[in-house]
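Shown next, in structure tokens, is the structure this report addresses.
What follows is calculated from the coordinates using simple rules that are stated; it is not laboratory data. In this text the structure is predicted, and so the values were computed from the model without any measurement. Cβ sites come from the backbone with ideal geometry, for glycine too, and all protein chains shown count toward neighbours.
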């Protein structure tokens, strides 16, 4: 893992939908080359935070820097340049159903590089080979399984060799074996190419197997309740919300107002 | 493409040659580097080629692909090839490339373009299949409508009311506006001719008969097909894609009863009403031209309109609109249920619903014209 300075810096981020504050004054940094996991229970704002970082949504307050550029102050054209340097795997893979897998992967290459068609074809074959989908270039997304779609989504996200890759719930809806295979692939890409990975997940297997650092969000706290190495946090944290999550414990809550 | 290529070549022509790479070997210069592979071999004819990567600060997968291509070319030319100055990171990137995948044949071959004869055959088969599916769906729908008539409590009346609002109330402004303008145009254009014969008063008859018997039902049906038929197809199609229709089935509901029947009943109830409004708005459009351009009084225009329209015209127009409503809602639902795949399939179903509905409207209208001629 590369240990250079932060490639992503979030400072005082607050996200509101109407009167509902989802994230309140959140700050953290992601270092170059690390696998950084944003984790937490359902509805704690993990995906919201990811959308804020990549600039799909605008924060109510706070600043987000990507490679030293404050993305909250950029217009659409400038933000597009930032987007060309990052890759994103969406929860549903978001492959274009009317295009083959090969066309999905070649789309950014054809649009942004000006490479000749045979070079693009070579790169597409290489990317599909990297995610173990060699030969599937003429298949349509509807002909692939969930795990294959995720891998095709990673191949598309990696098409322009981005320095940063964002993955939203990569293991969601996958069986444990496919999920573990995906973890291996993510680790291989991180170690091989040095891509910084920001992953949103609540899969403990994934978190312990591949992450270098995590932040844990909490719905009631509306922000970060733990940050660091998940293996240490599991044993050393004093916060029961953190240890309960890592140890899959159910916290009993008082049923106020109920008579039995 | 970079102006300066980040390599130098050391060594003697025909002997050991070293390609010294430096800086960033990435996607930015991949095309430039790849296009120079042949010239590297042709101009230096190396007996042995070494690629020195010690000065490379950044190597991405495209850069690694260039090295693989270079090695493949060296092997093709039987030139011994080796890499030097490799770090752990660079080895890692190279190890990610699955060489077999670069020449792996596609597991699904692209369909070859069909000849005109094949296209004609495929189109005919597809059209016949489509007719079969529409007829089959119509039978099923008819059965469910009869069942609903016999079990009125099982009809989802809340949904019926909601669709009546969407199809009828929400559609009224656009139906009204278009019909009003249509009446205005018809009256204006016909007045130019009728004026010459001093038959101004017949402008009212022309607008009234044309709208009540033919154009009112057709225009309303076409607008409803564009607004609501497409919406039915898109709604059911999206539910199919999201497996919501499957969920209904597994929960014990009939998707036809749950999704199609409320839409069909709502359409059958409101399209005839919209048709009446359409004729009224068109007559109002004609009235404006009659009063302002032909010196007719409002009273005279309305009297002439009443004289021109017979109960038979109104009844036949309403029956037509009822049949149009049936066709539009049925086609919309059928196209929605037919969706397989993703977003593009929903788009195709929506387009197909509108096109097929308009085609059916014209066919039904022609059939009515023939039948009404002999009555």
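At R0 = 35 Å, how high is the FRET efficiency between residue B:365 and residue B:114 if r is their beta carbon distance? Nearest 0.05 is fine. Display every interim value, and only then the final one.
On the way: r = 34 Å, r/R0 = 0.98.
About 0.55, to the nearest 0.05.
By the beta-carbon count within 10 Å of each Cβ, the least crowded to most crowded order of B:319, B:361, B:222, fewest first, is B:319, B:222, B:361.
When the Gaussian network model of chain A links Cα atoms closer than 10 Å, the mean-square fluctuations of A:33, A:147, A:192 top out at A:192.
What is the order of A:136, B:374, B:202, fewest Cβ neighbours within 10 Å to most?
On the way: A:136 23, B:374 5, B:202 16.
The order, fewest Cβ neighbours first, is B:374, B:202, A:136.
Only helices enter the 222 nm calculation for chain A: every DSSP H run of n ≥ 4 contributes -39,500 (n - 2.57), and dividing by all residues gives -11000 deg cm²/dmol, rounded to 500. Taking chain A as a Gaussian network of alpha-carbon nodes connected by springs under 10 Å, the highest mean-square fluctuation of the residues A:117, A:94, A:157 belongs to A:117. Other protein chain C-beta atoms within 10 Å of residue C-beta, averaged over B:59-66: 6.
Given labels modelled 7 Å from the Cα in the Cβ direction, how far is it in nm from residue B:124 to residue B:152? Label-label distance for residue B:124 and residue B:152, simple model: 5.0 nm. How much FRET efficiency would the formula 1/(1 + (r/R0)^6) give for residue B:311 and residue A:75, where r is the Cβ-Cβ distance and R0 is 51 Å, rounded to 0.05? Efficiency at R0 = 51 Å is approximately 0.20.
Normalised Debye scattering of the range B:7-102 at q = 0.12, 0.18, 0.22, 0.24 Å⁻¹ gives log10 I(q)/I(0) of -0.34, -0.79, -1.21, -1.42, counting only Cα atoms as equal scatterers and leaving out solvent. The modelled label-to-label distance for the pair residue A:16/residue B:22, using points 7 Å beyond Cα in the direction of Cβ, is 5.6 nm. Okay, which of the range B:247-286 sit inside 20 Å, backbone N to the point 7 Å along the Cα-Cβ direction of residue B:161? Flagged as within label range: B:258-271, B:273-274. Comparing Cα centroids, the range A:153-198 and the range B:360-375 end up 62 angstrom apart. For peptide A:101-109, the mean count of partner chain Cβ atoms within 10 Å of a residue's Cβ comes to 1. Considering only beta bridges that DSSP places wholly inside chain B, some 30 percent are antiparallel.
Determine one quarter of the surface area of the Cα convex hull of chain B, which equals its mean projected area, and express it in nm² to one decimal.
Values: hull surface 133.3 nm².
Its Cα hull, projected and averaged over all orientations, spans 33.3 nm².
Mean per-residue shielding of peptide B:87-97 is 4, counting Cβ atoms of other chains within 10 Å of each Cβ. With the simple spin-label model, which puts each label point 7 Å out from Cα in the Cβ direction, the residue A:67 to residue B:351 separation comes to 3.8 nm.
Subtracting the Cα-Cα distance of residue B:75 and residue B:140 from 0.36 nm times their residue separation leaves 16.8 nm of extension gain. For the protein assembly as shown, a/c is not less than 1.5, where a ≥ b ≥ c are the root eigenvalues of the C-alpha gyration tensor, and a/b tops b/c. That puts it in the prolate class.
Of B:92, B:336, B:286, the residue with the greatest mean-square motion in the GNM of chain B, using alpha carbon springs below 10 Å, is B:92. Taking the DSSP beta bridges with both ends in the protein assembly as shown, the antiparallel portion is around 45 percent. Report the FRET efficiency, 1/(1 + (r/R0)^6), for residue A:84 and residue A:132, where r is their Cβ-Cβ distance and R0 is 25 Å, rounded to 0.05. After rounding, the FRET efficiency stands at 0.45. Of all DSSP beta bridges confined to the range B:1-140, the antiparallel ones make up roughly 30%. With no solvent and one point on each alpha carbon, what is the Debye value of log10 I(q)/I(0) for chain A at q = 0.07, 0.10, 0.18 Å⁻¹? Log10 of I(q)/I(0), two decimals: -0.26, -0.52, -1.48.
Panel order for A:95, A:89, by other beta carbons found within 10 Å of each beta carbon, from fewest to most: A:95, A:89. Computed from the Cα positions only, the extents of the range A:133-194 along the three principal axes stand at 31, 27, 19 Å, in decreasing order.
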